[in-house]
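Okay, so here's the structure we're looking at.
The values are calculated or read from the model by the stated rules, or taken from the named source; none is laboratory data. Not measured: the values here are computed from a predicted model. Cβ placement follows ideal geometry from the backbone for every residue including glycine, while neighbour counts extend to all protein chains displayed.
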Amino acid sequence: MAKRGQLTGQIQAKAKELLGREITQVELRLMPYAQHCALNGMNINPNKINESERWALSQWREAGWIRGGAVAFELEKPFWDAMNEILWLGYVANEDQPGG
């Protein structure tokens, strides 16, 4: 069984299905923070992310999945849905649960 937050073939397949491309380990690990910020009406704190995560955010912005970041951070609904499916697989589900 893969460790929590580890990129797996199952996660890559789900990302490709829902987002049209595979994701990086950095993106997978950034998603919980992006989810937290969206849920709490917070902006991305530039002091809490590194250069790789900034690059990932710029990729998400270019893809049209997010708007803003350090100012007025917002997620698009289809990205929110995809991100939650991916987070389920990467952090919550185990082999004994449906979808895990």
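Filter the stretch 1-24 down to the residues that are closer than 18 Å to A63 by Cα and either touching a His at 6+ places or on another chain (Cβ under 6 Å) or not in a loop (DSSP other than H, G, I, E, B) (or both) and list them by number.
Correct list: Q12, K14, A15, K16, E17, L18, L19.
Can you tell me which residues in the stretch 25-55 are among the charged types (D, E, K, R), in contact with a Gly (Cβ under 9 Å, 6 or more places away or on another chain) and buried (at least 17 other Cβ atoms within 10 Å of the Cβ)?
The answer is R29, and nothing else.
Condition first: buried (at least 16 other Cβ atoms within 10 Å of the Cβ) and in a helix (DSSP H, G or I). Can you find one or more residues in the stretch 66-80 that meet it? Quick ask: steps written out before the conclusion?
Of all residues in the stretch 66-80, those buried (at least 16 other Cβ atoms within 10 Å of the Cβ) come to 66, 69, 73, 75, 79-80.
Cutting the leftovers down to in a helix (DSSP H, G or I) gives us 79-80.
The answer is yes; a qualifying residue exists.
When you scan the stretch 2-12, do you find a residue that is surrounded by 12 or more Cβ atoms within 10 Å (Cβ to Cβ), farther than 21 Å from N94 by Cα and either within 13 Å of the chain's Cα centre (by Cα) or not hydrophobic (A, V, I, L, M, F, W, C) (or both), even just one?
no
Going through the stretch 33-53 one residue at a time, which ones are in contact (Cβ under 8 Å) with a residue 24 or more places away in the chain, of a type outside the set (D, E) and either in a helix (DSSP H, G or I) or within 14 Å of R67 (Cα to Cα) (or both)?
Hits for the stretch 33-53 are A34, Q35, C37, A38, M42, N43, I44, P46, S52.
Surrounded by fewer than 18 Cβ atoms within 10 Å (Cβ to Cβ), at pLDDT 95 or above, under 12 Å from the mean Cα position of the chain (by Cα) and of a type in the set (D, E), is that true of E22? First the steps, then the outcome.
Details: surrounded by fewer than 18 Cβ atoms within 10 Å (Cβ to Cβ): yes; at pLDDT 95 or above: yes; under 12 Å from the mean Cα position of the chain (by Cα): yes; of a type in the set (D, E): yes.
It is true that E22 is surrounded by fewer than 18 Cβ atoms within 10 Å (Cβ to Cβ), at pLDDT 95 or above, under 12 Å from the mean Cα position of the chain (by Cα) and of a type in the set (D, E).
Per-residue answers, yes or no, for (1) more than 16 Å from L75 (Cβ to Cβ); (2) in contact with a helix residue (DSSP H, G or I) (Cβ under 7 Å, 6 or more places away or on another chain); (3) free of Cβ contacts under 8 Å to residues at least 12 places away in the same chain:
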{"position": "Q10", "(1), (2), (3)": "yes, yes, no"}
{"position": "G20", "(1), (2), (3)": "yes, no, yes"}
{"position": "I23", "(1), (2), (3)": "no, yes, no"}
{"position": "V26", "(1), (2), (3)": "yes, yes, no"}
{"position": "A56", "(1), (2), (3)": "no, yes, no"}
